[in-house]
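The values are calculated or read from the model by the stated rules, or taken from the named source; none is laboratory data. Note that the structure is a prediction, hence the values are computed from the model and not measured. When we count neighbours, we look across all protein chains shown, and the Cβ atoms used for this are built from the backbone with ideal geometry, even at glycine.
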Amino acid sequence: MGDISWRRDREVVLDRFVAACSADHRIVAAFLSGSAAADAADEHSDLDLYAVVPDDDIDEVVAGRERLIAQLGDALFLEDFGNDGLVFAILSDGTDIELHFVRESALDQVRSGPHRVLVDDHGVLAGTTFPFPEFDRATQAKELRTVVMWFWHDLSHFAAAIDRDHLWWAAGQLEALRAYCVRLARVEQGVEPMPEEPYWKLDAEMPTAPLDPIRSTYVPLERTALLDAARTLLAFFRSRARTIAEAHGLTYPEALDGLAGARLDDLDAPGAAPYP
């Protein structure tokens, strides 16, 4: 019954979206993408909606996005997070929505994967296919450069926090170090870099066995445990970052590694395991 309920709610929202787009002469086409279009959605999946708008009308339509969302349901959450032409919404029935506004002239730049046409009275979408999002070697190299350098910056902050016995700060820096290790693993496995959300759909994107060595770094808010965890993350990072950096033509910061690593090693933590 629950499965039928959420599917019915999604179809109601889609019907309302179709009606809203059909009633607005400025929207020349609309389509659904993502897992819902690929018949792979579950009750936690969002609706990836796209409205295609002529270039001359795009600014006006985007400015009125709240009115469009209101036609789909009662929005308890509505935010664009500074994204031009994209709005996120959570409706009172629990439906999550990502609504994209696409300039008609930029339709060939859409990278959304499989889609389902919802509105297309003018044949704008006829014969159109959208490839999956792509990332190239340059994108990976940029992500890798950030990870390889900023890891040491946050390791330095972790050492300062531990030395001052600021355990909450240290725990926050530890999470940052762990996130860098996850980002490094994403590059290593050749999956899409996600700088802001490194854990995003991680279990489905790549084998997670390579991350097993850092499972033990989820620790209590205790100085020795935090320091042991940081050393585990440092060992994990060192075991991969140098090789991956060289494979992408980047220079590994040996001097920085030595300086930041030595600072951590100098901290007193009885029982801490040595790291290579």
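Tally up the residues in region 113-134 that are under 24 Å from the mean Cα position of the chain (by Cα) and within 16 Å of F17 (Cβ to Cβ), please.
Residues in region 113-134 being under 24 Å from the mean Cα position of the chain (by Cα) and within 16 Å of F17 (Cβ to Cβ): 2 in total.
Okay, residues lined up against (1) small (G, A, S); (2) under 25 Å from the mean Cα position of the chain (by Cα):
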residue: S5; (1), (2): yes, no
residue: D9; (1), (2): no, no
residue: V12; (1), (2): no, no
residue: D15; (1), (2): no, no
residue: V18; (1), (2): no, no
residue: C21; (1), (2): no, no
residue: R26; (1), (2): no, no
residue: L32; (1), (2): no, yes
residue: A40; (1), (2): yes, yes
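Quickly run through region 14-26 and pick out the residues that are touching a residue at least 60 places away in the same chain (Cβ under 8 Å) and surrounded by fewer than 20 Cβ atoms within 10 Å (Cβ to Cβ).
L14, V18, S22, listed by residue number.
List the pairs whose first member sits in region 223-243 and is under 15 Å from A260 (Cα atoms) and at pLDDT below 95, whose second member is acidic (D, E) and in a helix (DSSP H, G or I), and whose Cβ atoms are under 6 Å apart, counting only residues at least 6 apart or on separate chains?
none
In region 127-147, how many residues are at pLDDT 95 or above and either surrounded by fewer than 14 Cβ atoms within 10 Å (Cβ to Cβ) or touching a Phe, Trp or Tyr at 6+ places or on another chain (Cβ under 7 Å) (or both)?
1
Do any residues in region 110-130 that are of a type in the set (D, E) have Cβ atoms under 7 Å from those of residues that are outside any loop (DSSP other than H, G, I, E, B), where the two are at least six apart or on different chains, and which pairs are they?
Short answer, once both residue conditions are applied: D120/A29.
For region 193-231, what are the residues that are acidic (D, E), surrounded by fewer than 18 Cβ atoms within 10 Å (Cβ to Cβ) and not in a loop (DSSP other than H, G, I, E, B)?
D203, E205, D212
Find the strands (runs of 3 or more DSSP E) located wholly in region 79-162 whose residues include 2 or more that are hydroxyl-bearing (S, T, Y), and list them.
Per the criteria, no element qualifies.
Output the residue which, of all residues in region 31-57 that are in a loop (DSSP other than H, G, I, E, B) and of a type in the set (D, E), is farthest from P131 (Cα to Cα).
E43
Which members of region 91-126 meet the condition of being of a type in the set (D, E) and either in contact with an Asp or Glu (Cβ under 7 Å, 6 or more places away or on another chain) or loosely packed, with under 13 Cβ neighbours inside 10 Å (or both)?
Once the filter is applied, which keeps residues that are of a type in the set (D, E) and either in contact with an Asp or Glu (Cβ under 7 Å, 6 or more places away or on another chain) or loosely packed, with under 13 Cβ neighbours inside 10 Å (or both), region 91-126 yields D93, D96, E98, E104, D108, D121.
Please pick out the residue among L174, L211, L226, L155 that is of a type outside the set (S, T, Y), in the same structural domain as G258 (by TED's automatic domain parsing) and in contact with a Lys or Arg (Cβ under 9 Å, 6 or more places away or on another chain).
L155
Quick one: E196 ticks every box in (1) without any contact (Cβ under 8 Å) to a residue 12 or more places away in the chain; (2) in contact with a Lys or Arg (Cβ under 6 Å, 6 or more places away or on another chain) except a single one, so which number is it?
All conditions pass for E196, except number (2).
I need the full set of residues from region 174-193 which are without any contact (Cβ under 8 Å) to a residue 40 or more places away in the chain and within 16 Å of P220 (Cβ to Cβ), in order please.
Once the filter is applied, which keeps residues that are without any contact (Cβ under 8 Å) to a residue 40 or more places away in the chain and within 16 Å of P220 (Cβ to Cβ), region 174-193 yields only E175.
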